[in-house]
Amino acid sequence: MRSSAALRVSSAIVICTLAAGCASTGPDVRALRMYDHETPTPALLREHIREMLDTLALINELLNGTPYQPGATWVATLPLDDEKMKRAQSLVTDAEGKASLVRVYATHIRNVLDAAKPSLPSLPTPALPGMLPGLPGMPAGVPGVPAMPAPTAIPGYASLHDALVHVHPALVKGNDLEQRLTRDANDATQRYEAMKTEADVDPATLAQVESARQHIVADLTRLHEKLSRPISPADVTDPENARIVSDAVTVTSVALRLTVEAISLATVAGLEAASLTRDSGRQWLINAPATAELIAELPEDGRRAYQELATFSSSLRDLLDMLSALTHVDPLTTVGFKFKEGLVDDIVGLAWDSVHLEAQGAGEALFYTNLPDAEQSTDSKGNSYDYTGRQRKLSYNVQPIILASAQLRIKLDWAHWMDAAGLKIGYATNRFYKSGGDLGTGSLANELGVKGKWSEAFNAALAIAGVNASVRLAHFNHGTVRETLVTDGSELAEAPLTFDMKQIDVGYDLAPRHSQLIKSLIVGFRYFDYTLPRVLYELVNSTPGADTAAYVFSRETPPQSIRTRFYMADVAARFEKEVSPHFKPYVTVDLAAGYGPTHYYFLKDQDGDDVESNHDNSSSSGAGFGFGGALGFRWQLGGPEARVNAFLDAYYHVQLISSLLDSKNSGDTIVQVGATDLFHGPVASFGAMF
């Protein structure tokens, strides 16, 4: 068990690191929608990271590892359209892959490249004009220098990048070529100087080495001359160069489109990673093999994939800018961005997916009801309870807490592309109504007195450990409490009543992740705390020693503030059944039981005044029992791919609290509250998204 826990915590830390690394990508509409309609698992997260890594390898192969001839047919086949999209989707076997444009686009490009390679010979890399192919200017037959193949008559290149070097070396990091030639020239010079000092050097060999050195120096000089002038339209006056540049626009546009799609996929991966840190303990154990792989591979792979994709995006963007300037084409209209699908199809302009409209509303009511015990009653064991003889009792009239909220948000997103800054325009309204008090949530860290940054660290630790923690606060600020005579119901006193209720839950969700019925099964701890004015009653068994007890009234306390606190074990479950894709009824059940301290006092002299000197103080623990339940449904309009979606969620919840204080005299004396407390009310929410 310890090793499993360590595995789980280590995995959570790993995934948090991955999420932080991917979090810097700007979330877009489709990425968020894609995440909203999936079930994150370690396997799915690993698949998305693998797609990002495969994209890196594929783009590098597209630009540097595929033989190229000007006007090659495989270049024209690269851009995606509806027909090619369907063909590529048919080759993807799993549903998640079919829904991922990165996976489908990569499958299409892979098929194009695989079809192109057998038909093209592996060609040597042409050098700059006047250079030999391969290592520039290095003649064959020199000792210690590998022989270079002879120039080919076929106007082909080992890759598209090598062809761009032919057009102008500055198009493809000409400085890299400059550094290589400079290094080769220095090496050749050192070799030549070393050979000159040898006593038995062969003059012919020395002449060959010097000739090779001069060729390299000449190539470096020509490169400097070409780099000394900027790229201009004159570089594409040659028909072959013009064809190379035109093909390069197509390939670079497609490569950039796929790169940006893969970067957007990092948004989804980051959200999945954050979600998995809140996965249930049982599910982590079920996914232990996949989790182990995450630990071993994802930190390095995730960071490397994102960083290298970002680097690729920057260099491809710069290259497309330069090529577009030579061909007088707007980069946004190039073929890679004509296919309107995927995570970033709004980068060409302000598409429909750039516009968000969200309308949300919610309403909730929380009632407090006091259910007094009957004057005479018998429990299931045959024990009887008789309150006859008591003089006073309290009744409560507490106004329910009613909350209502509505929000309308309109937002416009313009994806980051080239050097354009992000644009976010929005309008949001909030309307809020409340009466009778307030309902809210709190933080477990704050309840434990952890403040500031330590509070954030504490909450993060809970999330990493997979702990479900919630704090619910209710403040009833409008009500009255009445003290009446039991005999005739006449009122003795009335006072305003306000009180707070606090419920803290901490537990683990042990429900199977993909269960069709059980959506949550939380086992844990509950703290329940509220204070009300009470009159407590002492009951004494009138038939001691009998099989069943007959409890009769003995004495009562004066009205006093009684704090009800329970430390309880809790089991809560939610069951949901999908009747149709749009309608899902559900029921929740909550059972809790525990003990808590209670402080109260009787009067030593029942006819005396309610003063400290007359108090018979007592402190004892009481058993508390809680039952909660909710019955509701969720109705949703539209499916995962719908542009317009709406939902309605409604349920009614009940929380029943009954307490029994410690018995005395071997159970022959008990103290009763004389009532059961009931917290209950409806909750509804609705929303529409466009």
Inset, instruction - Exactly one condition in (1) more than 25 Å from residue 682 (Cβ to Cβ); (2) part of a strand (DSSP E or B) is not met by residue 573; state its number. - result: (1)
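Any chance the stretch 601-619 includes a residue that's under 30 Å from residue 521 (Cα atoms) and surrounded by fewer than 16 Cβ atoms within 10 Å (Cβ to Cβ)? Walk me through it before giving the result.
The initial filter retains those residues of the stretch 601-619 that are under 30 Å from residue 521 (Cα atoms), namely none.
Within the stretch 601-619, not a single residue is under 30 Å from residue 521 (Cα atoms) and surrounded by fewer than 16 Cβ atoms within 10 Å (Cβ to Cβ).
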Inset, instruction - Determine the pairs where a residue that is farther than 25 Å from residue 565 by Cα, located within the stretch 600-614, has a partner that is assigned to a loop (DSSP other than H, G, I, E, B) with Cβ atoms under 7 Å apart, the partner being 6 or more residues away or on another chain. - result: 614/604; 614/605; 614/608
Inset, instruction - Please tell me if residue 628 is farther than 30 Å from residue 543 by Cβ and in contact with a helix residue (DSSP H, G or I) (Cβ under 8 Å, 6 or more places away or on another chain). - result: no
Inset, instruction - Can you confirm whether the stretch 74-93 contains a residue that is modelled with pLDDT of 85 or more, open to solvent by 40 Å² or more (accessible area, probe 1.4 Å) and over 36 Å from the mean Cα position of the chain (by Cα)? - result: yes
Inset, instruction - Exactly one condition in (1) modelled with pLDDT under 80; (2) farther than 18 Å from residue 504 by Cα; (3) in contact with a strand residue (DSSP E or B) (Cβ under 6 Å, 6 or more places away or on another chain); (4) surrounded by 13 or more Cβ atoms within 10 Å (Cβ to Cβ) is not met by residue 403; state its number. - result: (1)
Inset, instruction - Can you confirm whether the stretch 32-51 contains a residue that is of a type in the set (Lys, Arg) and either modelled with pLDDT of 85 or more or closer than 30 Å to residue 165 by Cα (or both)? - result: no
Legend entry - Qualifying residues in the stretch 380-400 (those that are open to solvent by 40 Å² or more (accessible area, probe 1.4 Å) and assigned to a loop (DSSP other than H, G, I, E, B)) - the one nearest to residue 677 (Cα to Cα): 399
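What number of residues within the stretch 504-529 are in contact (Cβ under 8 Å) with a residue 40 or more places away in the chain, within 30 Å of residue 560 (Cβ to Cβ) and not β-branched (Val, Ile, Thr)? Give the steps one after another, and end with the answer.
Kept after step one, since they are in contact (Cβ under 8 Å) with a residue 40 or more places away in the chain, are these residues of the stretch 504-529: 504-514, 516-528.
Adding the requirement that they be within 30 Å of residue 560 (Cβ to Cβ) leaves 504-505, 525-528.
Then drop every residue that is not not β-branched (Val, Ile, Thr), which leaves 505, 525-528.
The qualifying residues number 5.
Looking only at the stretch 640-652, decide whether some residue is of a type outside the set (Gly, Ala, Ser) and in contact with an Asp or Glu (Cβ under 7 Å, 6 or more places away or on another chain). Break it down stepwise before answering.
Step one: of the stretch 640-652, the residues of a type outside the set (Gly, Ala, Ser) are 640-641, 643-645, 647-649, 651-652.
If we keep only those that are in contact with an Asp or Glu (Cβ under 7 Å, 6 or more places away or on another chain) as well, we get none.
No, every residue in the stretch 640-652 fails to be of a type outside the set (Gly, Ala, Ser) and in contact with an Asp or Glu (Cβ under 7 Å, 6 or more places away or on another chain).
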Legend entry - residue 594 being more than 25 Å from residue 387 (Cα to Cα) and in contact with a Pro (Cβ under 8 Å, 6 or more places away or on another chain): no
Inset, instruction - Would you mind stating whether residue 563 is in a strand (DSSP E or B), in contact (Cβ under 8 Å) with a residue 24 or more places away in the chain and within 56 Å of the chain's Cα centre (by Cα)? - result: yes
Inset, instruction - Considering only the stretch 574-600, state which residues are surrounded by fewer than 18 Cβ atoms within 10 Å (Cβ to Cβ) and aliphatic (A, V, I, L, M). - result: 579, 587, 589, 591, 593
Inset, instruction - Quick one: count up the residues across the stretch 502-550 that are within 18 Å of residue 588 (Cα to Cα), part of a strand (DSSP E or B) and of a type in the set (Ser, Thr, Tyr). - result: 2
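Sort out which residues of the stretch 485-513 are among the hydroxyl-bearing types (Ser, Thr, Tyr) and touching a helix residue (DSSP H, G or I) at 6+ places or on another chain (Cβ under 7 Å), and write them in order of number. Talk me through it step by step, then tell me what you get.
At the first step, the residues of the stretch 485-513 found to be among the hydroxyl-bearing types (Ser, Thr, Tyr) are 487, 490, 498, 508.
508 - this is the single residue of the stretch 485-513 that is among the hydroxyl-bearing types (Ser, Thr, Tyr) and touching a helix residue (DSSP H, G or I) at 6+ places or on another chain (Cβ under 7 Å).
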Legend entry - Enumeration of residues in the stretch 647-690 that are surrounded by 16 or more Cβ atoms within 10 Å (Cβ to Cβ), modelled with pLDDT under 90 and among the charged types (D, E, K, R): 649, 662, 668
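The values are calculated or read from the model by the stated rules, or taken from the named source; none is laboratory data. Worth saying up front: this structure is predicted, and the values here are computed from it rather than measured. Ideal geometry is used to build each Cβ from the backbone, glycine not excepted, and the neighbour counts take in all protein chains shown. Just the protein is used for accessible areas: all its heavy atoms, side chains included, with ligands, DNA and RNA removed. Shrake-Rupley method; radii C 1.70, N 1.55, O 1.52, S 1.80 Å.
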